[in-house]
């Protein structure tokens, strides 16, 4: 099939971006901005929030294209439906698309504020380092993914000049994601042998599990801070208590059932996000 020509190329480029992920990332930035600024102040930052959502969409698309470029050989077997294995887009075109989109995000972030620029540049560095070096390094890769998750909420807060809540939300997202990523590595330990050196391989599944549990418990320990600092309303308390209970459950159940542990952790992260939303807007 000819590469990078006409309709095939367009379909391939859209496939590289994974628009669903891009839209979800943009909604995450909007939600973070709403939590940090509150519903009354958010309209004052309409331009900044709209631009930040566009930046997140471009950054996510750039990261997806970069991932497809570096994973092109693996995808021939694991994901043959993706654009590069199908021959819709050449690897070089995927790399160029990624570079162009990353460049646009850096330039666009300058028009928001300095914090947004710093977060974009730092996240881009980590994204490239992850694809080139850290993906196979276990804990380093886990830390990178956790940073990128937390950075989304930092970015949303930075767009509305409200970093107090953003730092706490990002830290909670970082710790919860780190715990979940380690549990996933415990679950996938046999399949990862020979391709990655994960934390469970280095420390053993039990010791790696203790690290994951410490991350979950760290998230729970940090959760009262927004209310104690009077950054969120009392509506935050009952919902975050549910999230905390779920994280504590994750910290124990994953030893016996890693699959269940990481799934509950994902749900707990959603409940925690809802607690921030309720505490920020009510």
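The values are calculated or read from the model by the stated rules, or taken from the named source; none is laboratory data. Computed from a prediction, not measured in an experiment: that's the story for all the values here. Heads up, the Cβs are rebuilt from the backbone with ideal geometry, glycines too, and the neighbour counts pull from every protein chain shown.
Tabulated data for the structure shown
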{"read-out": "Test result for residue 65, more than 30 Å from residue 236 (Cβ to Cβ), without any contact (Cβ under 8 Å) to a residue 60 or more places away in the chain and in a helix (DSSP H, G or I)", "value": "yes"}
{"read-out": "The range 76-112, residues that are in a helix (DSSP H, G or I), within 30 Å of residue 44 (Cα to Cα) and free of Cβ contacts under 8 Å to residues at least 40 places away in the same chain", "value": "103, 106, 107"}
{"read-out": "Filter result for residue 12 (at positive phi, in the same structural domain as residue 121 (by TED's automatic domain parsing) and part of a helix (DSSP H, G or I))", "value": "no"}
{"read-out": "Verdict on residue 66 being within 17 Å of residue 151 (Cα to Cα) and at pLDDT 90 or above", "value": "no"}
{"read-out": "Hits in the range 168-186 (condition: over 13 Å from the mean Cα position of the chain (by Cα) and either at pLDDT below 90 or farther than 24 Å from residue 203 by Cβ (or both))", "value": "168, 184, 185, 186"}
{"read-out": "From 33, 50, 62, residue being surrounded by 22 or more Cβ atoms within 10 Å (Cβ to Cβ), farther than 18 Å from residue 17 by Cβ and within 21 Å of the chain's Cα centre (by Cα)", "value": "33"}
{"read-out": "Some residue of the range 266-276 being farther than 28 Å from residue 41 by Cβ, in a helix (DSSP H, G or I), in the same structural domain as residue 166 (by TED's automatic domain parsing) and modelled with pLDDT of 90 or more", "value": "yes"}
{"read-out": "Residue match in the range 255-264 (condition: assigned to a loop (DSSP other than H, G, I, E, B) and either outside the structural domain of residue 182 (by TED's automatic domain parsing) or surrounded by 15 or more Cβ atoms within 10 Å (Cβ to Cβ) (or both))", "value": "yes"}
{"read-out": "Residues that are part of a helix (DSSP H, G or I) and surrounded by 24 or more Cβ atoms within 10 Å (Cβ to Cβ), drawn from the range 153-164", "value": "153, 154, 155, 156, 157, 158, 159"}
{"read-out": "Any hit, the range 10-23, residues being at pLDDT 90 or above, buried (at least 19 other Cβ atoms within 10 Å of the Cβ), in contact with a helix residue (DSSP H, G or I) (Cβ under 6 Å, 6 or more places away or on another chain) and closer than 18 Å to residue 276 by Cβ", "value": "no"}
{"read-out": "Sole residue being free of Cβ contacts under 8 Å to residues at least 12 places away in the same chain, part of a helix (DSSP H, G or I), touching a helix residue (DSSP H, G or I) at 6+ places or on another chain (Cβ under 9 Å) and closer than 20 Å to residue 142 by Cα, chosen from 247, 210", "value": "210"}
{"read-out": "Complete set of residues in the range 213-239 that are over 19 Å from residue 265 (Cβ atoms) and either assigned to a helix (DSSP H, G or I) or not assigned by TED's automatic domain parsing to the domain that holds residue 260 (or both)", "value": "225, 226, 227, 228, 236, 237, 238"}
{"read-out": "Residue match in the range 124-133 (condition: in the same structural domain as residue 157 (by TED's automatic domain parsing), in contact (Cβ under 8 Å) with a residue 40 or more places away in the chain and farther than 20 Å from residue 185 by Cα)", "value": "yes"}
